[in-house]
Amino acid sequence: MFLENFPSTDTGHGWIEVICGSMFSGKTEELIRRMRRAQFAQQELIIYKPKIDNRYSSEEVVTHRGERIPALVVNNASELLIHWKHQKVVGIDEVQFFDDEIVDVCMELAKNGVRVICAGLDMDFSGQPFGSVPKLLAVAEYVTKVHAICVSCGALAQFSHRLVQQKDQVLLGEKDHYEPLCRKCFNDKTSKAS
């Protein structure tokens, strides 16, 4: 399933990987899986998460199923470089919540030989591109789009449908606030709400 032809991390070449998709699609699970493999290979690594994401833990990246890995909490993208101590693998969860500078930070890390692994939503609750993720997708060497299962029909889901009537783009939540839907079911539900 995943890229067999990654360059070796000891070549001095860095790159950017983006794991994107809807809510409940396994983005953070995949990020943790890749970070654990790097840990097993005894590669120096660091994982960052934005301060805004405090749903499950303020000091760890945590999946909806409870898998967790320690993380450094930062307020903005520029803090990543301040705390980076030349680790060869950098993980970034909930990348859509970072300011626009995150793209330049990721490119700077990759330029310095770092494997940068970002995970985040590619679209917001209204189906629009989310934050800097589209720019990250454009500059990344490797993109993995993961899917949830549509709770309405069972097809592959790529949309995060908001269940509550709040229009702010950022609303942290779980199954009480969002449900994954396929394109058809998303279009059906959002056209009825209009």
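The values are calculated or read from the model by the stated rules, or taken from the named source; none is laboratory data. Not measured: the values here are computed from a predicted model. Counting neighbours? That spans all protein chains shown, and the Cβs are built from the backbone with ideal geometry, glycine included.
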If I ask for residues that are touching a residue at least 12 places away in the same chain (Cβ under 8 Å) and assigned to a loop (DSSP other than H, G, I, E, B), which ones from the range 55-72 would you list? Arg55, Tyr56, Ser58, Glu59, Thr63, His64, Arg65, Glu67, Ala71
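In this structure, does Ser132 turn out to be surrounded by 18 or more Cβ atoms within 10 Å (Cβ to Cβ) and within 27 Å of Lys189 (Cα to Cα)?
On the way: surrounded by 18 or more Cβ atoms within 10 Å (Cβ to Cβ): yes; within 27 Å of Lys189 (Cα to Cα): yes.
Here the answer is yes, as Ser132 does meet what is asked.
Check every one of the helices (runs of 4 or more DSSP H) wholly within the range 73-148 and list those with 1 or more residues that are over 30 Å from His161 (Cα atoms) and modelled with pLDDT of 95 or more. Break it down stepwise before answering.
Numbers: elements: 78-83, 102-111, 133-139.
In the range 73-148, the matching helices (runs of 4 or more DSSP H) lie at 78-83, 102-111.
Identify all residues within the range 153-187 that are among the small types (Gly, Ala, Ser), assigned to a loop (DSSP other than H, G, I, E, B) and at pLDDT 95 or above; write none if there are none.
Kept after step one, since they are among the small types (Gly, Ala, Ser), are these residues of the range 153-187: 154-155, 157, 160, 173.
Imposing the further condition that a residue be assigned to a loop (DSSP other than H, G, I, E, B) reduces the set to 154-155, 173.
Within the range 153-187, Gly154, Ala155 qualify.
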Does the range 39-63 hold any residues that are touching a helix residue (DSSP H, G or I) at 6+ places or on another chain (Cβ under 8 Å) and surrounded by 15 or more Cβ atoms within 10 Å (Cβ to Cβ), and which are they? Gln43, Leu45, Ile46, Ile47, Tyr48, Pro50, Asp53, Val61, Val62, Thr63
Taking the range 9-54 and keeping residues touching a strand residue (DSSP E or B) at 6+ places or on another chain (Cβ under 8 Å), closer than 13 Å to Asp93 by Cα and part of a helix (DSSP H, G or I) leaves Lys27, Thr28, Glu30, Leu31, Ile32, Arg34, Met35
